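The values are calculated or read from the model by the stated rules, or taken from the named source; none is laboratory data. Model, not experiment: these values are computed from the prediction. All Cβ positions, glycine included, derive from the backbone under ideal geometry; neighbour counts span all protein chains shown.
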Amino acid sequence: MKTLISERPWLLLLWTALIALFAPAFWSAVRDYEPTSQASGENVIDARRYPNLQAALDALPASGGIVTLPPGDHRISKPLEVTRGDVRIQGCGPATHLVNENKEGRPALILRPPERPAANQEMNGPRIWRTHVADLRISGNPQSGDGLLAVGVNELYVHDLFIDHNGGHGICLADCYENPRITDCNITYNGGAGIHLKSKSWNPVITSNHFEENRDGVEALRIFNICMTGNSFDDHLRHGVIVEDSWGGIVVGNVIEQCAGIGMVLDRNCYGMNVSSNMFGQNTQGGLEVRGAWGCTVSANTFCINANRALVVGPGSGRITITGNNFGNGYVGPDVKPRDFPASGLILEGTRDISVTGNTFAGLATEAIRAIGPCRRLVVLGNIFTDLPAGKSGMDLGELRETLTDMNLKAETQ
């Protein structure tokens, strides 16, 4: 068999000459290489080599670096503080456990600029950039504060944390202005919200987290362009999600169920929100309440066995599109014994400029659509009403002005 070398033997001579020419310079560069100070160790902090965790955090240089926290129960009585940007604080999974024994309402871990006290949580103070916390557990007690408090941190990244039983919020972000991101955390049994955002934040991402039995799941106050996707909210003592005074954003693909209060609340002049493809199930006081929001879309959600006020649009709201949602009970087909799960529909309370199209209302204990008070400019088209109680027509719209209803289909009753 002929090869390239056998046909062109001069190639072998050429390769040999090139190797002889450049090999000495290559090996000289390898031999003489010296790592920079960033690679030599001053930016890589092993907390095991320090007398305590705070000493390890204080050893970070101004240029940033990484602090690795070892496994074990690390009991603290005052907050650990990180006052540098461009840092990563990393544990060894839930085996690295910060136990906050403080009983004066103080947090376990504080991230802040060095010149900004943690109490200065209003907008437009000094900020640091790019702080990353991952792979550890933070717990407290009923008298402790937040699990993690970040004040004035831009591009904060938090993931793979277990945060539980803190007296305050699980995670509190104050004036974290640019691009905070919280993913893949398990946030449970905290006295406040699982995540509390306040004092303005742009483009926060909250995705793929578990929230269970906090007071509330997420509170977002004065937030711009929030992206909240793929989270599970379960068994909260009050509400699942609260968004107030916030502009733009999506709440998509979440499960929000069995909250003692309301699954989700939009209030205090929100606008431009898209609430889509979520499951609101068995929330005691209601599924979704649009109290004070404008120019929002509610689409492709499943409102399953919410006994009261599955979806409410209140008098402080308008210009809302409600389309492609399913309101239902526990029906799983004609061959299965019906389940006694009461379900409710849509309530419009003194609102205006509402489009209700292409929704399915089935097996409800209430009217599918009910208008209360002086509602105006409603369009109710192409909805299906089926398996409603005897005597219910599907719609109780009262005497309304500027309202169009057409092509709605009412099927059999119970």
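Scan region 295-338 for residues that are polar (S, T, N, Q), more than 11 Å from residue 354 (Cα to Cα) and part of a loop (DSSP other than H, G, I, E, B) and jot them down.
Passing the criteria: 301, 306, 308, 325, 329.
I'd like to know if region 382-394 contains one or more residues that are out of contact with any Leu (no Cβ under 7 Å at 6 or more places or on another chain), surrounded by fewer than 17 Cβ atoms within 10 Å (Cβ to Cβ), assigned to a loop (DSSP other than H, G, I, E, B) and of a type in the set (S, T, N, Q).
Within region 382-394 (the criterion being out of contact with any Leu (no Cβ under 7 Å at 6 or more places or on another chain), surrounded by fewer than 17 Cβ atoms within 10 Å (Cβ to Cβ), assigned to a loop (DSSP other than H, G, I, E, B) and of a type in the set (S, T, N, Q)), the answer is yes, since at least one residue qualifies.
Which one of these is surrounded by fewer than 17 Cβ atoms within 10 Å (Cβ to Cβ) and under 17 Å from residue 280 (Cα atoms): 326, 308?
326
Just need a number here: residues in region 121-164 that are closer than 15 Å to residue 188 by Cβ, among the aliphatic types (A, V, I, L, M) and more than 20 Å from the chain's Cα centre (by Cα).
0
As an exercise: evaluate residue 239 against (1) closer than 24 Å to residue 392 by Cβ; (2) assigned to a loop (DSSP other than H, G, I, E, B); (3) free of Cβ contacts under 8 Å to residues at least 40 places away in the same chain and give the number of the one condition it does not meet.
For residue 239, the exception is condition (1).
The rows are residues; the columns are (1) surrounded by 11 or more Cβ atoms within 10 Å (Cβ to Cβ); (2) modelled with pLDDT of 95 or more; (3) of a type in the set (Asp, Glu).
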| position | (1), (2), (3) |
| --- | --- |
| 5 | yes, no, no |
| 22 | no, no, no |
| 28 | no, no, no |
| 39 | no, no, no |
| 81 | yes, yes, yes |
| 87 | yes, yes, no |
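With respect to the numbered conditions (1) buried (at least 24 other Cβ atoms within 10 Å of the Cβ); (2) in contact with a Phe, Trp or Tyr (Cβ under 6 Å, 6 or more places away or on another chain), which one is the sole condition not fulfilled by residue 246?
(2)
Out of region 359-381, which residues are under 20 Å from residue 298 (Cα atoms), of a type in the set (Gly, Ala, Ser) and not in a strand (DSSP E or B)?
368, the sole residue that qualifies.
Tell me, please, whether a residue that is surrounded by fewer than 18 Cβ atoms within 10 Å (Cβ to Cβ) and of a type in the set (A, V, I, L, M, F, W, C) can be found in region 146-164.
No: region 146-164 contains no residue that is surrounded by fewer than 18 Cβ atoms within 10 Å (Cβ to Cβ) and of a type in the set (A, V, I, L, M, F, W, C).
Which one of 122, 115 is closer than 17 Å to residue 196 by Cβ, of a type in the set (Asp, Glu) and in contact with a Ser or Thr (Cβ under 9 Å, 6 or more places away or on another chain)?
Exactly one residue qualifies, and that residue is 122.
What's the total number of residues in region 118-159 that are touching a residue at least 12 places away in the same chain (Cβ under 8 Å) and assigned to a loop (DSSP other than H, G, I, E, B)?
21
Can you find, within region 197-210, the residue that is nearest to residue 240 (Cα to Cα) among those that are free of Cβ contacts under 8 Å to residues at least 40 places away in the same chain and in a strand (DSSP E or B)?
210
Does residue 300 fit the bill of being at pLDDT 95 or above and either within 33 Å of the chain's Cα centre (by Cα) or buried (at least 22 other Cβ atoms within 10 Å of the Cβ) (or both)?
Spelling it out, residue 300 is indeed at pLDDT 95 or above and either within 33 Å of the chain's Cα centre (by Cα) or buried (at least 22 other Cβ atoms within 10 Å of the Cβ) (or both).
Got a sec? Which of 263, 248 is in a strand (DSSP E or B) and on the phi > 0 side of the Ramachandran plot?
Of 263, 248, the one residue that is in a strand (DSSP E or B) and on the phi > 0 side of the Ramachandran plot is 248.
Would you check if there is a residue in region 174-188 being closer than 21 Å to residue 96 by Cβ, buried (at least 21 other Cβ atoms within 10 Å of the Cβ) and β-branched (Val, Ile, Thr)?
For region 174-188, residues closer than 21 Å to residue 96 by Cβ, buried (at least 21 other Cβ atoms within 10 Å of the Cβ) and β-branched (Val, Ile, Thr): present.
Specify which of the listed residues (172, 227) is part of a strand (DSSP E or B), touching a residue at least 40 places away in the same chain (Cβ under 8 Å) and within 14 Å of the chain's Cα centre (by Cα).
Residue meeting the stated conditions: 172.
Taking residue 239 as meeting all but one of (1) over 18 Å from residue 257 (Cα atoms); (2) crowded, with 24+ Cβ neighbours inside 10 Å, write down the number of the exception.
Condition (1) is where residue 239 drops out.
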